[in-house]
Amino acid sequence: MNQRIKNLLLKAIILCIAFPIYAQQGGMWIPSLLKGMNESEMQSLGMKMSIQDIYDVNNSSMKDAVPHFNGGCTSEVISPQGLLLTNHHCGYSQIQSHSSIEHDYLTDGFWAESLNDELPNENLTVTFIVRIEDVTNKVLEGVLNTDNEREKQSKITKNISKTVASFPKESWQENKIKAFFEGNQYILFVTETFKDIRLVGAPPASIGKFGSDTDNWVWPRHTGDFSLFRIYADKDNKPAPYSKNNVPYKPKYFFPISLDGISEDDFTMVFGYPGQTQEYLPSYAVEQIINDLNPAKIAIRNAALKVTDEFMRNDQTIKIQYASKYASIANYWKKWIGESLGLTKTNAVQTKKDFEKDFIKRTKQSSKSSDYATLLPEFEQLYKQIAPYSLSRDYFTEVAMRNVELLVVAYRLYGLERSYTTEQSFSEKKENFINAQERFYKNYNKNVDEKVFETTVSLYSQKAPQQFLPEELKNVDVSSLTELIYNQSKLTDYESLKKLLEGNSKEVLKKLNRDKGYIFAKGLIENYIQNILPEYEKLNTQIEALQRTYMKAQLDLYPDARIFPDANSTLRVTYGKVDGYSPKDAVYYEPLTYLDGVIEKYVPGDYEFDVPQKLIDLYNAKDYGQYADNDKLPVNFIATNHTTGGNSGSPAIDAYGNLIGLNFDRVWEGTMSDIYYDPSICRNIMVDIRYVLFIIDKFANAKHLIDEMKLVHPKSEISTSK
Ligand code: ARG
Ligand code: GLU
């Protein structure tokens, strides 16, 4: 072996030992900064397009086809007429809002036959990224010569406003600045927001939500989680509020769609808006999540879900009233369970501890040792101090702000009481409140809520840190308390609540403060605001400042490491390969599922696993048209892309830049990737684009939509051109 190779090998070995948490795939990268390390890594994984195809300031590129969907999900433009693809669960509330008993689009699906049939949606927007610019120097100007954290933050806020106001943009565009690497880097985004977005198509829930909560976060999966919208613009192709004179938007770029599908080991890239990750926490924080915080939140939701499920199974009206709320509570409940299991199974804490040992060693060798040496002991101390506050905070937010509906209403009423300034404004706010609650009470059942109150409040009083327990929960008989509140409170019924709120502010507040439910809630809220929140925020600000230094230290001390900024709802690129995984001993999961699996899971009439007759007929006739893969119809697939909440609806892209799928979930064993990404079990789940096309074409007979798209055969084009 020659010396050069020996040196290289040695370097590789040292790298693997020194960067245990970085010597892996994963990562959510800033699209304007892919040149260099990412580019070569992507090429080594099989990417054939260039970085400019993904992001280019001067020419149209893929980023011009990937708007943020209503601030939460991702979507992509798939035709020259502004046709937009996202998940069914991302368009869910729009589909629901157009549904009625006569037109139940959730159950039956919806397909606009022409532009005139497309349905406008109030308050639905999509936002494109026009330009990405590093403005760190401008934002941190004059900030580094102060040690006072408050002064620092106020200077930063001022600099941000100044930069936002002065950075060049067109009149219809907007400038936004976001912090990266916990505030070690600041990036400005010029954005364009469209406000006339119409519903074009959605499959029935038995396809779009097939498997529902049972299959949620689970592989093997068989869900057609997609819906179609269209962006409308004014006659100059600019964003405009809804108008019937608006016309379909002509995009700068739209995705061609590959009909060639994917196979194991193929390069894939996911482009979207991941919401939040915490990849650089110290081991103390991760231990706290595993040992204290996740178990507490899981236990509360366990109790609430169990109670609700029982009511839903026995009462059709309650089932409809609570379906969406149940799904939303169950979504993160299930995710936290998977997350804790995954963190434990992959020894995340030990890996972090090993890294921290190495980190300490490096700080000692570095000239900056004085800045960094005390970081970890300080973290340890602060996490110890914050522990009871964090836990109390989680109990309060889960019980009072999330699961017990009476307490959620009371919390809003408390806001109304506290916001009193003048009689006039009180009366306006009160009216708004009353109107806003109408929908809430339509889906409210007092018996369900009473049972949820009893079980979750019991947990709160027994398990939350006793030193911060509100008086109301000390030595309390929760059953009789529950009975008293639900017998007497006016908050359990819309009509009685409206009556309670009749009169001027003085009368209303007097009545309110005699209501047993409100009194109880107010006790909890004020205890939280006075005894928990201030200390929590004080410690948390210190932790955030420390985390910023810790991040900077890692960037300084590991200059060659593969460090990406935590997700922050900005546009990111993640890439990997189509790959199966082994969830447990002796079990291996293939990376692709087929329609055969839908039929295997079929339970006639079941609310999660029913299958539309038309789909069964198409299956029996094997009528898959051009969408088949060796006589089978692909449905979902998985790959090693590092995604998180917010990546729902993100385009999955092949080596050449064509659309091959639509991201919608992660696998159960790998949901800890928000905190610790392990390439052996972390996989994202996508709908195969051929399933989407098949449903549109063969199932819904909406061939006119297929005709708008550009379908390509990259694999056969390459092989015939050779
Ligand atoms: N787990 C996916 C995501 O977080 C899908 C959620 C919607 N589906 C459901 N069955 N609740 O958000
Ligand atoms: N379903 C998630 C979403 O709504 C994406 C899955 C994930 O968290 O990775 O964004």
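The values are calculated or read from the model by the stated rules, or taken from the named source; none is laboratory data. All values reported here derive from a predicted model rather than from experimental measurement. Note: ideal-geometry Cβ built from the backbone for every residue, glycine included; neighbour counts use all protein chains shown. Remember, those area values only see protein heavy atoms, side chains included, never the ligands or the DNA or RNA. Shrake-Rupley method; radii C 1.70, N 1.55, O 1.52, S 1.80 Å.
Computed over protein heavy atoms with a 1.4 Å probe, the carbon and sulfur contribution to the accessible area of the chain reaches 50%.
Among the listed pairs Lys235/Lys703; Lys48/Lys601; Lys63/Lys614; Lys368/Lys538, give every one whose C-alpha distance is greater than 30 Å. Check vs 30 Å cut-off fails for Lys48/Lys601; Lys63/Lys614. Within a straight-line Cα-Cα reach of under 15 Å, Lys252 can be paired with the following aspartates and glutamates, leaving aside sequence neighbours fewer than 8 residues apart in one chain: Asp53, Asp56, Asp64, Glu76, Glu192, Asp236.
For the stretch 141-251, just say rounded, prolate or oblate: build the C-alpha gyration tensor, square-root its eigenvalues into a ≥ b ≥ c, call rounded for a/c under 1.5, and beyond that prolate if a/b exceeds b/c, oblate if not. Oblate is the answer for the stretch 141-251, as a/c is 1.5 or above yet b/c matches or exceeds a/b. From the square roots a ≥ b ≥ c of the eigenvalues of the alpha-carbon gyration tensor of the stretch 540-690, which class results: rounded (a/c under 1.5), prolate (a/b over b/c), or oblate? It comes out prolate by the Cα gyration axes. Under the membrane-span-like helix rule (DSSP H runs whose alpha carbons stretch at least 18 Å along the helix axis, mean Kyte-Doolittle hydropathy 1.0 or higher), the chain yields 3-18. Excluding same-chain neighbours fewer than eight residues apart, the lysines reachable from Lys442 by a Cα-Cα span under 20 Å are Lys319, Lys325, Lys430, Lys451, Lys490, Lys498, Lys499.
When each of the peptides 654-663, 630-639 is scored by the mean number of other C-beta atoms lying within 10 Å of its residues, the order from highest to lowest reads 654-663, 630-639. What FRET efficiency comes out for the pair Phe433/Tyr607, r = Cβ-Cβ distance, R0 = 56 Å, nearest 0.05? Using R0 = 56 Å, I get an efficiency of 0.95. Extent of the chain along its three principal axes (Cα atoms, max minus min coordinate, largest first): 82, 71, 59 Å. The mean sequence separation of alpha-carbon pairs under 8 Å and at least six residues apart, normalised by the residue count of the chain, gives a relative contact order of 24 percent.
Counting charges near Phe229 (Lys, Arg +1; Asp, Glu -1) among other residues having Cβ under 15 Å from its Cβ returns a value of -4.
Annotation: extensible slack from Lys474 through Ser100 equals 130.0 nm (criterion: 0.36 nm per residue apart, minus Cα-Cα distance). Working from Cα pairs under 8 Å separated by at least six residues, relative contact order for the stretch 131-255 is 20 percent. The length gained by stretching the chain between Asp108 and Ser680 to full extension, at 0.36 nm per residue less their Cα-Cα distance, is 202.0 nm.
For the chain, the solvent-accessible area works out to 44 Å² per residue, with a probe of 1.4 Å and every protein chain left in place. The simple Förster model, with R0 at 25 Å and r as the Cβ-Cβ distance, assigns Ser93 and Glu600 a FRET efficiency of 0.20. In this structure, Lys158 and Leu119 have a Cβ-Cβ separation that, at R0 = 35 Å, corresponds to a calculated FRET efficiency of about 0.20.
Ranked by the mean number of other Cβ atoms within 10 Å of their residues, highest first, the peptides 349-358, 166-175, 499-508 fall in the order 349-358, 499-508, 166-175. Contact order for the stretch 537-635, expressed relative to its length and based on alpha carbon pairs under 8 Å spaced 6+ residues apart, stands at 18 percent. For the listed peptides 643-649, 622-628, 669-675, a ranking on the average number of other beta carbons within 10 Å per residue, highest first, reads 643-649, 669-675, 622-628. Remark: spin-label model distance Arg418-Arg313 equals 4.0 nm, labels positioned 7 Å along the Cα→Cβ axis.
Taking 0.36 nm per residue of separation and subtracting the Cα-Cα distance, full extension of the segment from Ser425 to Ser582 would add 50.5 nm.
State whether the stretch 512-611 is rounded, prolate or oblate according to the following rule on the C-alpha gyration tensor (a ≥ b ≥ c being the square roots of its eigenvalues): a/c under 1.5 gives rounded; otherwise a/b larger than b/c gives prolate, and the remaining case gives oblate. Judged from the Cα gyration tensor, the stretch 512-611 comes out oblate (a/c at least 1.5, b/c at or above a/b). Inter-part distance, the stretch 262-279 to the stretch 664-718, computed on C-alpha centroids, equals 12 Å.
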